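Here, each number is a calculation from the coordinates, and none is a lab measurement. All figures in this text were calculated on a predicted structure; none of them were measured in a lab. FYI the Cβ positions are ideal-geometry reconstructions off the backbone, even for glycines, and counts take in every protein chain you see.
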Amino acid sequence: MKRIAFVAVVCLLMTSVVVAQDESASEENAPEIIFEYADGTPDEDRIEGRITFDSLAFNRLITRVDPPLGADRWVVEVDSATGEFINVMSAPVAAGNFKWHEGGYYSYSWSEPATMLEVQARLRGGDGVLVATLNASLVVTDDDLNEILHIGDIDMPLDGHELTFLPNGNFVFFSSQTMDIPDDFHRCLEPPCVLVYQNMHEMNLDGEIVQTWDLRDYYAPEDLPPSLNSDEYQPRAAGYPDAPEVVDHTHMNTITITPDGDLILGSRQFSDVMRLDYETGEIIWRIGGPDDPYNEFTFVDDPFGGFSNQHLPTILPNGNLLLFDNGNARDHMSTRVVEYELDVENRIARLVWSYAPPEGDYFAETRGSAQRLPDGNTLINWVDRNPNNIEMVTPDGEVVLQITLPEHHSSYRALWYPPR
């Protein structure tokens, strides 16, 4: 059952960012990346188009240490054939999830890392624990990166993981809410605790929320599996012993659109991928790994029996499911990219392709993405790898393109788009 809610107050804020593009995207305001096609790759085999990604010293965001202003975080667009910079944005915030959308829009999220003093001031000022520790915004621009909409606070903190345009010209995104839970809640390790969950909203370009899906209708708090315990948002760990522990419920990180307009939602905490009918809000199917209480599929030819804590599940034109399998819930934690052939009628998922870095024992605890390209290759954004890089691999596992980010940097996602 889908709950509809209308929010009357929307704060549309303006922010200033340093934008460098075209001729301005020069050495002094762009990250020092290495862009290399494999030796001997002819020009005609280099895919034409664009790749967007971010480059951020992510550990600074987690530890809430104020990074120095300047060249330590960017959102970037490069030519996928030559590596030349098309757009570069650098700002005194942690920006990420840089995307281009059909219709001529860009979007990105940003979050200003809070210092200890700032968190303390917000808590003393009456802000809830979530508002005090998270400070996300979402920005929509036109095709020239002129800001159209800046979504700051609605009446809840925003979640920066996703913004996806719908065929009707509106877009969907997540927000975070809190609810009190009893001390004996199975994921409340050190009471008192609050539970954080996400809602999904549809908004138009005038900044009006059209409808809201309460995701507790699809993910019951009591069903939360013990597969992952996130510490990065814990105020106690940041030095506030009287603050409640935060139980991360759904941790939604994906909204993608199927070729026929359904929504694919990914919950990292439940290791769950759900196909949702946009018009009715009804669940079409759900798939997930061994820890997913809602999984409807039997996995075939998969040595791990499914995926866990995934990022960016996408339905391919042939109906297969592609995703970045972080693998947090496995006994031997390892990360890979997987493609499943889905027999929806019989609820069977057959592993038909997988890829992991050849060095072995690779594990990405957070973030990552995989995208199938029109030429059959796959663009993979590896994180927590040394060095952190973005690769394009063939169906046979041959690396044809590698983009290496600066030392200690990684990207939330990397996405390819056709030429324009």
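Rounded to the nearest Hz, the phi-derived 3J(HN,Hα) couplings of the range 401-406 under the Karplus curve 6.51 cos²θ - 1.76 cosθ + 1.60 (θ = phi - 60°) are 9, 9, 10, 9, 8, x, where x marks glycine and proline.
Sort 197, 105 so the one with the fewest other Cβ atoms within 10 Å of its own Cβ comes first.
105, 197
Sequentially through the range 203-209, phi angles give Karplus couplings (6.51, -1.76, 1.60; θ = phi - 60°) of 10, 9, 6, 8, x, 9, 6 Hz, Gly and Pro residues having no value and appearing as x. Rounded to the nearest whole Hz, the Karplus-based 3J(HN,Hα) values (6.51 cos²θ - 1.76 cosθ + 1.60, θ = phi - 60°) of the range 44-52 follow the sequence 5, 9, 8, 5, 6, x, 9, 10, 10, with x at glycine and proline. Panel order for 353, 382, 416, by other beta carbons found within 10 Å of each beta carbon, from fewest to most: 353, 416, 382.
Cβ crowding within 10 Å, taken as a proxy for footprinting-reagent exposure, orders 249, 332, 409 from fewest neighbours to most as 332, 409, 249.
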